[in-house]
């Protein structure tokens, strides 16, 4: 036990040293974030008395929704975690069992204050449960669900970092999607969802608090939690000893094509890095759903296409707003060694962002041309270019002033304030274009062209200015990526 | 070819490199020696543009490191301490990335890359990801990247550490050949025997200051070894009697 405690202590020390190194409360809007989190907690606390009243009268709908929300909130500290000070693989040299290492991994989650807040939100739920018909079984079920959520998130988190794990997740998602589609077309979705719902953990937790079958619910939850724990330990152990293949493989987004030009190698690298950021995968359902809409609707709307193009870039913002976030100090040293000016370095990052977003856009292009016509598709392309330029103009400034480390197969954990501001600024040309196109204005194309010109001017100014800052702050940026 | 004048680097109050002055002629191999943390790599990082000097300047092929860093980067090849490789690229992709940035055509890049990888015994592993490669393979990859564009000046930080004896010999032969063809080579190393046989001149840096600078010919004439000279400047700690060992 002592050896596990000493490792957790070191993780704790390493985490807080990194936090201290990051600076003070005004940096990266940390102060505003703390304030917003505080307001969120106050709003949550205001919700509790109402929940207590509902549970005492046997109504569980809102309680179940809160449980789902808390379940998803567990994902924040785990899937959005920044680098741990000591990774589990680095500890393999010590005489520790897989379970010891798992305990260190599990405890490390609680070093982050985000997990304290989420944990506190769980604990607060005991109050309304105490007012329910079965308070003790309700609290037991709640605690079991807390652990189930934690183990489940750990399974997902550990599966994401190993290649077979990622395929397994894709497989599960595909099977579930196909199952839902099959039930939908067979007209049995409503009936089946009713049966499935009864076995969902949040339903079991509420059932343990209010129904007469509390023991059965707790038993089911206990079984689920035990299975989740066992699976979590197993997946962790598999990942720990899994050797990555040495051989290179072709990238699905950018096959082994050779484009002439001095930026191609860097582009290939940046697109490969980008494909490891989870945020980007939020764009895929949007693209898939819109393609289904284009294929199945008898008269698809061009306005819907332009709106989707405007929204398409939102999941990709981390690439534009934190251009160096997926690099590490060694990579930054290579950039410093290459005969590239700061402006060229930033431009190569912008090209990669442009390429990733264009690849996403191009997945809709064939159907858009077929169903909406070439002219409407070209308008979509114009909107995309204007938004890209706006995102990059704002993003270059953020990339050099507020860089932060992003992890592979994790969500980018940057400042939501910056992201929010960036989305507003970046989407503005798209919104303007939609406004011009709304009433079929004949001069819309000209107006959109002017918007593009304006965005291009801003982009060139931003590139010039950000390059100067990059040159000045190179060592600081490199340090912030360690 | 390399002239440093009072080159210094400070990190806050800590002085990592203190007024280093050097003069290395074209086509020579120069050894830069010193204990860990003495300022060798920091000096090399300043020469190669990774770090900006706090004061002083250096000229490489007549170009100042403070005012013409880009022009210098086109002329030099560097094997840095941390190897500066990108995680998700293969060895081959690293070389393909470098060539066009230095203005090489695709054909030249591939031809030279193949020759270098063959020489460094890395051809069979060219499609291995660097993140999954051994330290030696990664070092060979970084070395191939440093040589690919035919640099006029070569900076090598610990080039023989972690390299197998056969490749080590190939690298030594390659460096000797390059030196004969007019390439200036700046090496930092802890392996004194290798440095002794390879370099034309050397300097020892201790606590950020140059403690000694000599030609290898002088050392040979005096009948001393490089190790003996090195220990004149570097304090050697006696091994204690660890009664708990064994």
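Bear in mind these aren't lab numbers, they're just calculated from the coordinates by the rules spelled out. Bear in mind that the values here come from a model prediction, so they are computed numbers and not experimental data. A quick note on method: Cβ atoms are made from the backbone with ideal geometry, for glycine too, and the neighbour counts reach across all protein chains shown.
Points to keep in mind about this one:
- Cα-Cα pairs of the stretch A:264-480 separated by more than 21 Å (percent): 54
- Nitroxide proxy distance, nm - points 7 Å out along Cα→Cβ at residue A:303 and residue B:242: 7.8
- Between the stretch B:68-143 and the stretch A:307-332, the alpha-carbon center distance in angstrom: 26
- The stretch B:84-224 - Kirkwood radius from inverse mean 1/r over Cα pairs (Å): 16.4
- Multiplying the residue separation of residue A:19 and residue A:123 by 0.36 nm and subtracting their alpha-carbon distance yields 34.8 nm.
- Residues A:303, A:406 in ascending order of nearby Cβ atoms (within 10 Å, fewest first): A:303, A:406.
- Debye equation applied to the C-alpha atoms of the stretch A:366-482, log10 I(q)/I(0) at 0.09, 0.13, 0.18, 0.22 Å⁻¹: -0.34, -0.64, -0.96, -1.17
- Helix-derived mean residue ellipticity, 222 nm - over chain B, DSSP H n ≥ 4, -39500 (n - 2.57), to 500: -11000 deg cm²/dmol
- The distance between label points at residue A:92 and residue A:460 comes to 5.2 nm (points 7 Å beyond Cα on the Cα→Cβ vector).
- If the convex hull is drawn through the Cα atoms of chain B, its volume per residue in Å³: 165
- At full extension, residue A:37 and residue A:193 could sit 52.7 nm farther apart than now, given 0.36 nm per residue minus the alpha carbon distance.
- Segment residue A:75-residue A:161, extension gain: residue separation times 0.36 nm, minus the distance between their alpha carbons: 29.5 nm
- Look at the stretch A:338-350: the mean tally of other chain Cβ atoms within 10 Å of its residues' Cβ atoms is 3.
- Estimated FRET transfer efficiency (residue A:363, residue A:176; beta-carbon r; R0 25 Å; 0.05): 0.70
- Counting other Cβ atoms within 10 Å as a rough exposure proxy, the listed residues A:353, A:436 run A:436, A:353 from fewest neighbours to most.
- Paramagnetic reach from residue B:54 in the stretch B:1-44 [backbone N under 14 Å; point 7 Å along Cα→Cβ]: B:7-20, B:39, B:42-43
- Once C-alpha pairs closer than 8 Å and six or more residues apart are averaged by separation and normalised to the residue number of the stretch A:264-480, the relative contact order reads 32 percent.
- Space enclosed by the convex hull of the alpha-carbon atoms of chain A, per residue, Å³: 183
- Cα principal axis extents for the stretch B:133-212, largest first, Å: 36, 29, 21
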